[in-house]
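Here is the structure we will look at, set down as structure tokens.
The values are calculated or read from the model by the stated rules, or taken from the named source; none is laboratory data. None of the values given here were measured: they were computed from a predicted structure. Glycine gets a Cβ as well: all are built from the backbone with ideal geometry, and neighbour counts include every protein chain shown.
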Amino acid sequence: MQKLINKAIKHYSYNSDLDKNSDIQEFYKRYVFSFNNYKKNKYDFANFYHKLNGNPNCTHIKAKNLLFQGDEDSWKYFERTAVFWTYGHNNDKWIDHLKGAYEYALYVEREDLIKLLFEKSLAYLTDKENLSNKDFKKQKVYPSTQLAHFLIEKWLGNNPVKNLISNYGNGYGVYQKLIDNWDDFSKIEPSYWDNLCECHLNGIGLQRGEKWENEEFLTSGLIPMELINLFKVRKKLDLNIPTINNALFDTNMVKNPVIPTGYNEDLDLKFKLIDLTVKTKKKYTFQEIEEHIKSENGNEVKIFE
């Protein structure tokens, strides 16, 4: 177990610093290129939110690095990731591709984002063309995707896409024991939790070659987000939570998110750049966005880059 953890730390460079200036420059470079392309080809700017997903060094990679290093600013980046992935998801009909957005939104407790994700999921889960498509009907779905929707239903009290998604894939898999013993986890043997930790580590892409079954937890990386969300929901419902004695739970990556995180998309330089472009179909500079944010929120406001 520890060998896998050490391999993950090295493989994903969780100890490394990320250059904020290069992130900003790269984000803007891609923004300008895409804007010109949208204008030239008369694309629908409603899809321009997809540009939020173009630079992971300013979203989930930054969040995980800062968390591993014990930096409390990480929580802002986790919420930014949830926002970017929710708004940035366009024209993608595959169920597992929204798994990360759902997990991150629950992780930072953004119920508004979860409800927006419901709309996106329902759009393709009820689409007649998809429902008659052989590949769509036979698509694989991760057990942890099914678990995420089970947990969201428990968290919100409802989940309009959970039963629809249950028609795909092969159910809860390794998590079936959680469902069967939901009212009392004391009935679950301690070794089961070690199995779940090992399952997580085997699904973060440490093996050679890209295989679907080995990439179930790529978006959360060393963070066992599916288990943290599980315990978050059970705490809200006043249900018992097990103590896990496993090397994975000795790392910073199992810290509970600080809520509120301090993030605000209205003060986010990158988000507002894309958001205003979608709404006005105009190209902006970062300086113009800074001026807009200050005009809306006051000159003393701290802008998140």
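Here are the numbers:
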read-out	value
Criterion violated by LYS64 - all others in (1) of a type in the set (Lys, Arg); (2) within 14 Å of the chain's Cα centre (by Cα); (3) farther than 25 Å from ASN252 by Cβ satisfied	(3)
Among (1) more than 20 Å from PHE249 (Cβ to Cβ); (2) in a helix (DSSP H, G or I), the one test that GLY171 misses	(2)
Residue match in region 243-252 (condition: under 30 Å from LYS138 (Cβ atoms), surrounded by 15 or more Cβ atoms within 10 Å (Cβ to Cβ) and either hydrophobic (A, V, I, L, M, F, W, C) or at pLDDT 95 or above (or both))	no
Qualifying residues in region 177-213 (those that are among the polar types (S, T, N, Q) and touching a residue at least 24 places away in the same chain (Cβ under 8 Å)) - the one nearest to PRO143 (Cα to Cα)	ASN202
Enumeration of residues in region 249-282 that are assigned to a helix (DSSP H, G or I), β-branched (Val, Ile, Thr) and within 20 Å of GLU109 (Cα to Cα)	VAL254
Close pairs from region 229-248: first in contact (Cβ under 8 Å) with a residue 60 or more places away in the chain and β-branched (Val, Ile, Thr), partner assigned to a helix (DSSP H, G or I) and surrounded by 15 or more Cβ atoms within 10 Å (Cβ to Cβ), Cβ under 7 Å, at least 6 apart	VAL233/LEU151; VAL233/LYS154; VAL233/TRP155
Inter-residue pairs, beta-carbon under 9 Å, first more than 25 Å from LYS120 (Cα to Cα) and without any contact (Cβ under 8 Å) to a residue 40 or more places away in the chain and in region 43-70, second crowded, with 19+ Cβ neighbours inside 10 Å and among the small types (Gly, Ala, Ser), 6+ apart	LEU66/SER74
Scan of region 263-296 for residues that are more than 23 Å from LYS51 (Cα to Cα) and not basic (Lys, Arg), ordered by number	SER295, GLU296
Filter pass, LEU218 being in a helix (DSSP H, G or I) and either of a type outside the set (D, E, K, R) or modelled with pLDDT under 95 (or both)	no
Sole residue being of a type outside the set (S, T, N, Q) and closer than 27 Å to ASN57 by Cβ, chosen from LYS187, LYS236, LYS272	LYS272
Among residues of region 289-301, those that are loosely packed, with under 14 Cβ neighbours inside 10 Å and assigned to a helix (DSSP H, G or I), counted	3
Output for region 23-57, where each listed residue is among the acidic types (Asp, Glu) and touching a Lys or Arg at 6+ places or on another chain (Cβ under 7 Å)	none
Residues satisfying the stated conditions in region 99-137, i.e. more than 20 Å from PHE150 (Cα to Cα), charged (D, E, K, R) and not in a helix (DSSP H, G or I)	ASP127
Test: LEU196 is of a type in the set (A, V, I, L, M), more than 22 Å from ALA8 (Cα to Cα), at pLDDT 95 or above and more than 19 Å from the chain's Cα centre (by Cα)	no
Options SER121, SER186, SER144: the member that is of a type outside the set (Val, Ile, Thr), within 22 Å of LYS235 (Cβ to Cβ) and surrounded by 14 or more Cβ atoms within 10 Å (Cβ to Cβ)	SER144
Flag for TRP85 being surrounded by 20 or more Cβ atoms within 10 Å (Cβ to Cβ) and in contact with a Pro (Cβ under 6 Å, 6 or more places away or on another chain)	no
